[in-house]
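Here the structure comes first, spelled out in structure tokens, and everything after it is commentary.
The values are calculated or read from the model by the stated rules, or taken from the named source; none is laboratory data. This one's a predicted model, so the numbers in the text were calculated from it and none came from an experiment. Glycine also receives a Cβ, built like all others from the backbone with ideal geometry; neighbour counts cover every protein chain displayed.
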Amino acid sequence: MFKKITAAIAATTLLLSAAGVAVADGHKVVDDIKFLIPGGAGGGWDGTARGTGEALTKSGLVGGATYENMSGGGGGLAIAHIIETKDQDTLMVNSTPIVIRSLQGVFPQSFRDLTPIAGTVGDYGAMVVHKDSSIETMQGLLAAYANDPKSIAIGGGSVAGGMDHLIAALVMKNAGANPMDVKYIPYDAGGKAMAGLLSGEIAALTTGFGEAAELARQGEVNILCVTSPERLPTAPDTPTCAEAGSPGTEFVNWRGFFGAPGMSDEKKAQYISALEKMYSTDEWATVRDRNGWVEIFNADADFVKFLEGQEEEIGNLMRELGFL
């Protein structure tokens, strides 16, 4: 199921010239952008918004960028805010959870109530433990889970039944264990979840590989496996979850941007142009490599088509796992 999602992301591209967008390379495309972040500091949304803003402003494609973190309601508070304000100068970052939480009814809105701009990056999931944990491998985690699932608290930066919970359940299901036995501890955003791991509140953490990679480089955590179809060039010693004992486990979390409802075609085209041109800049390469992101780009109608497909496929998996 998730192989289809991964393949769809890898295959989706957009030729902006067909839309009539032509701005000289290196010229400013958008004056200013306010990034709205539906979670706290340090999480994947926060890093994506700030990294994108860094690349856009340093490359000169955008004149200036500001950032507002607005936690609450599983991301619903920020969604309601951008719908209410209809601010044409705001881009809200979001990702797979907007699909999951809408399916769950965590908030009444969906991506259909916004103006989808573009999916821009993907991040594989990772299973992580503290550097001093007695669990040193994925096989060790699976053995401990098989012995007593409730003794293995697994945290994540999403609500119960959300994306990080879904990844943990998928890993255990494909390893032959009961996914409904996962003792999942939800945190508000990935930064707080990582703090919970480092403080010993949880035994393991499911999070984005990009978030885990920096702390792994600093020697704070060990990454047990990554949900990529093959080992990543930036982490050749980290096994895939399939290699580590959970065959068939693949998952990539897209991240991208949405505008307020009713956005003009002209404004939307400016945002799409700025994001598309960003990929060819050295500033973007620095941000991308630092975070271990997978490049994707699907914009406007292609983005909507992708979101509709993901909604159907993830909904089917959530029902299979008992989350719907």
Filter result (assigned to a helix (DSSP H, G or I), crowded, with 19+ Cβ neighbours inside 10 Å and modelled with pLDDT of 95 or more) within the stretch 102-126: F111
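Taking helices (runs of 4 or more DSSP H) that do not extend beyond the stretch 201-300, which have at least 2 residues that are in the same structural domain as Q88 (by TED's automatic domain parsing) and buried (at least 18 other Cβ atoms within 10 Å of the Cβ)?
Because the criterion is at least 2 residues that are in the same structural domain as Q88 (by TED's automatic domain parsing) and buried (at least 18 other Cβ atoms within 10 Å of the Cβ), the helices (runs of 4 or more DSSP H) in the stretch 201-300 that meet it are 265-278, 282-291.
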Go through the residues of the stretch 264-285 one by one and say whether even a single one is touching a helix residue (DSSP H, G or I) at 6+ places or on another chain (Cβ under 9 Å), within 24 Å of Q310 (Cβ to Cβ) and polar (S, T, N, Q). no
If I go through the stretch 53-105 residue by residue, how many of them are under 21 Å from K267 (Cα atoms) and either without any contact (Cβ under 8 Å) to a residue 24 or more places away in the chain or of a type in the set (S, T, N, Q) (or both)? 9
Residues in the stretch 170-227 that are over 19 Å from M318 (Cα atoms) and among the hydroxyl-bearing types (S, T, Y): how many? 2
When you look at G53, is it assigned to a helix (DSSP H, G or I) and modelled with pLDDT of 95 or more, yes or no? yes
From the list V93, V99, which residue is modelled with pLDDT of 95 or more and within 19 Å of Y124 (Cβ to Cβ)? V93
